[in-house]
1. Roughly how large, in nm² to one decimal, is the mean projection of the convex hull of the alpha-carbon atoms in the chain?
2. Test of understanding: what is the full-extension gain from S23 to D68, defined as 0.36 nm times their sequence separation minus their Cα-Cα distance?
3. I'd like the orientation of helix 14-36 relative to the chain: the angle between its Cα long axis and the longest Cα principal axis, in ° from 0 to 90, rounded to 10.
4. Can you tell me the orientation of helix 42-90 relative to the chain, as the angle in degrees between its alpha-carbon axis and the longest Cα principal axis, to the nearest 10?
5. Of L22, L88, L53, which is the most mobile in a GNM of the chain whose springs link Cα atoms less than 10 angstrom apart?
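Nothing in this text is a laboratory measurement; each read-out follows from the coordinates by a stated rule. Predicted model, so just to flag it, every value in this text is computed and none were measured.
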Amino acid sequence: MSKDTSTPPSSTTTAFYAQAALSFALALLTMVGSVFYLPVDPWVRAFIGLGLLYLTTSTFTLAKCVRDHQESQQVVTRLDQARVEAILSQHDPFKPLS
């Protein structure tokens, strides 16, 4: 019995990461430009800009929390699978009961 300790292959590609990064950068730059050229008083522009900054940092925090939770679930699943494999490898169905 061989134990597979390697990490599962990633299902995302470099192109997907590049597309996601470019999409995020374009959306953020467009919003920053829109707030900058908004025809309102400077304090309103600053308030909207601060909301945009808060939304952006909150998005990164939420994404990190979701990723960390998924990674912790993968570790727990691997540990459970290893325990079951160890129990099954020690079990002998032909051993007489004592």
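1. Working: hull surface 41.3 nm².
Approximately 10.3 nm², given one-decimal rounding.
2. Roughly 13.9 nm would be gained on extension.
3. The answer is roughly 30 degrees.
4. The two axes meet at around 10 degrees.
5. It is L88.
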